[in-house]
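Heads up, the thing below is written out as structure tokens.
The values are calculated or read from the model by the stated rules, or taken from the named source; none is laboratory data. What you are looking at is a predicted structure, and each value in this text was computed from that prediction instead of being measured. Positions of Cβ are generated from backbone atoms using ideal geometry, with glycine treated the same way; all protein chains shown enter the neighbour counts. For the accessible areas, the whole protein counts, side chains as well, though only heavy atoms, and no ligand, DNA or RNA atoms are used. Shrake-Rupley method; radii C 1.70, N 1.55, O 1.52, S 1.80 Å.
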Amino acid sequence: MCKSLNEVVSEIPSCLEVSLEPASGDFKVYLKDKLEKYYSFICKYNVDDKITYEIIKLNDFINSSIRSYYEGKVTESSLILFEYFEKNKIEKWLFTENITVNSEFYRSRYSPLRSNEKFDRKDLFHINFKDRHKAASARFSVPGLPALYLGENSYVCHKESESHIEELWFSKFTNRSVLVVLSLLKPSDFNLLLKRADKGESISDELVRKYIVTYPLMMAASVKRSFKGEYFKPEYIIPQVLSQYLVSSGNDKINGIKFPSTKISHGEIVDKNHLNKSYNYYFPVRGIKPVGYCDYISSLFDISIPVNNELIGNIIYDDKMFKGLIATDSFHKDCGRLIKINNEIECKFSRSVYGTIEAYVEEELELRSIN
């Protein structure tokens, strides 16, 4: 069967997409099976032998890295993928995306109801270096090393936190310069980019080739965690190795990583072009110091003071409507985004409490550096 690379991407089966269900059974067996299914899928098409060869190699290195980690050879686990990345000049294969200046991001922080806690800008930034003992293992970052995680919008932050929205404080971030991120796009979203290219926007065959070859990395880095609160998180092995390589290789051309949420279903929040707006961003610290914040990350962003519902004050809930998630006030902002409440009721993002929060921040608050 001979098809174009665009058609190959468009037919990647849903079973190989990001799942909201965690790995079933042994993680290393689960992932190996997924990688084999992807290779079998690619082999159905008469694509370039170079592509299938690169996929076989990457699959083997991913499986070897996982196996070594399971055997307690943590250093070897990282070195296995480092060797592959260096030999194959992985930077040239990675699918990257440019984030335009003044793009919007959000970050949330939990505070118990009636705690009377007040936060400033720095409290919504990455963990202070003096408090690095509080930095837990996260998808792309190892314990003890602070990092800045952002969501595309306040809704993503809320879903990731798994807290009640009234217990969250939100800050808006905007980038001061163009950011280059390694983009772990879902096939459905990459397909939408291809369709837009058909209407005149330029996406080269080389870019599609990169996406197909490195898709196993996206699969390995986007598996939902099986057990909450447990110390061992095998789903984080590959993403942490990938992020360590980007930092240790001295590649300052890539600022961070864009990756899909494993807690938001496909189509749950989309923009007017139907692109999913359910991605997170990871920005690693570059350099450390005893106290304070990373100068490099601080130079990339402006940030608003944190706000919550009480501070905004004029958000009014109707408990009978959509379980309290629809707000009515004068700050509605319409960006063409749609959101599904409880995965059932579709409404404009601007009519939700999230749209209200974001509109308030945009109209009322100043953004500036934490320094």
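Rounded, prolate or oblate: which one fits segment 222-278, using the alpha carbon gyration tensor with axes a ≥ b ≥ c (rounded when a/c is under 1.5, else prolate when a/b beats b/c, else oblate)? Oblate, because a/c is 1.5 or more while a/b does not exceed b/c. For LYS92 and THR174, the difference between the fully extended length at 0.36 nm per residue and the C-alpha to C-alpha distance is 26.8 nm. Less than 5 angstrom separates the built amide H of SER183 from those of PHE95, THR96, GLU97, LYS258, all sequence-distant by 5 or more or on a different chain.
If R0 is taken as 22 Å, the Cβ-Cβ distance between LYS50 and SER4 corresponds to a FRET efficiency of 0.85. Of the residues LEU145, PHE105, PHE227, the one whose Cα sits farthest towards the positive end of the charge dipole of the chain is LEU145 (charges of +1 on Lys and Arg Cβ, -1 on Asp and Glu Cβ, taken about the Cα centre).
Here the chain exposes an accessible surface that is 49 percent carbon and sulfur, computed with a 1.4 Å probe and the other protein chains kept in place.
Computed from the alpha carbon atoms alone, the convex hull of the chain holds 147 Å³ per residue.
Available extension along the chain between TYR110 and TYR231 is 41.4 nm, counting 0.36 nm per residue and deducting the alpha carbon span.
Please work out whether segment 152-305 counts as rounded, prolate or oblate from its C-alpha gyration tensor, where a ≥ b ≥ c are the square roots of the eigenvalues and a/c under 1.5 means rounded, while otherwise a/b larger than b/c means prolate and anything else oblate? The shape class here is rounded. One chain, two ends: GLU206 and SER299. Fully extended at 0.36 nm per residue, the span grows by 30.2 nm beyond their Cα-Cα distance.
With θ taken as phi - 60° and the Karplus curve 6.51 cos²θ - 1.76 cosθ + 1.60 applied, the whole-hertz 3J(HN,Hα) list for segment 79-86 is 5, 4, 6, 4, 4, 5, 4, 6 Hz, x standing for glycine and proline.
Quick one: angle between helix 237-248 and the longest Cα principal axis of the chain, in degrees between 0 and 90, rounded to 10, please. The angle comes out at about 90 degrees. Along segment 127-132 the Karplus relation, 6.51 cos²θ - 1.76 cosθ + 1.60 evaluated at θ = phi - 60°, assigns HN-Hα couplings of 4, 4, 4, 6, 10, 4 Hz to successive residues, with x for each Gly and Pro.
Mind pulling up the Rg/Rh value for segment 1-108? Radius of gyration and Kirkwood radius, both on Cα. Taking Rg over the Kirkwood Rh, I get 1.02. Pairs exceeding a 20 Å alpha-carbon distance, out of LYS32/LYS263; LYS28/LYS258; LYS258/LYS348; LYS57/LYS186; LYS130/LYS228; LYS28/LYS73: LYS32/LYS263; LYS28/LYS258; LYS258/LYS348; LYS57/LYS186; LYS130/LYS228. For segment 94-158, applying the loop criterion from DSSP together with a ceiling of 13 other beta carbons within 10 Å to the GluC sites (Glu not before Pro) yields GLU117.
Mean separation of Cα pairs under 8 Å and 6 or more residues apart, divided by the residue count, gives the chain a relative contact order of 21 percent.
Calculated mean residue ellipticity, 222 nm, the chain: -11000 deg cm²/dmol, from DSSP H runs (n ≥ 4) at -39500 (n - 2.57) each, averaged per residue and rounded to 500. Normalised per residue, the accessible area of segment 1-67 is 51 Å², obtained with a 1.4 Å probe and no contribution from ligands, DNA or RNA.
Relative to the Cα centre, the charge distribution of the chain, modelled as +1 at Lys and Arg Cβ and -1 at Asp and Glu Cβ, gives a dipole magnitude of about 580 debye.
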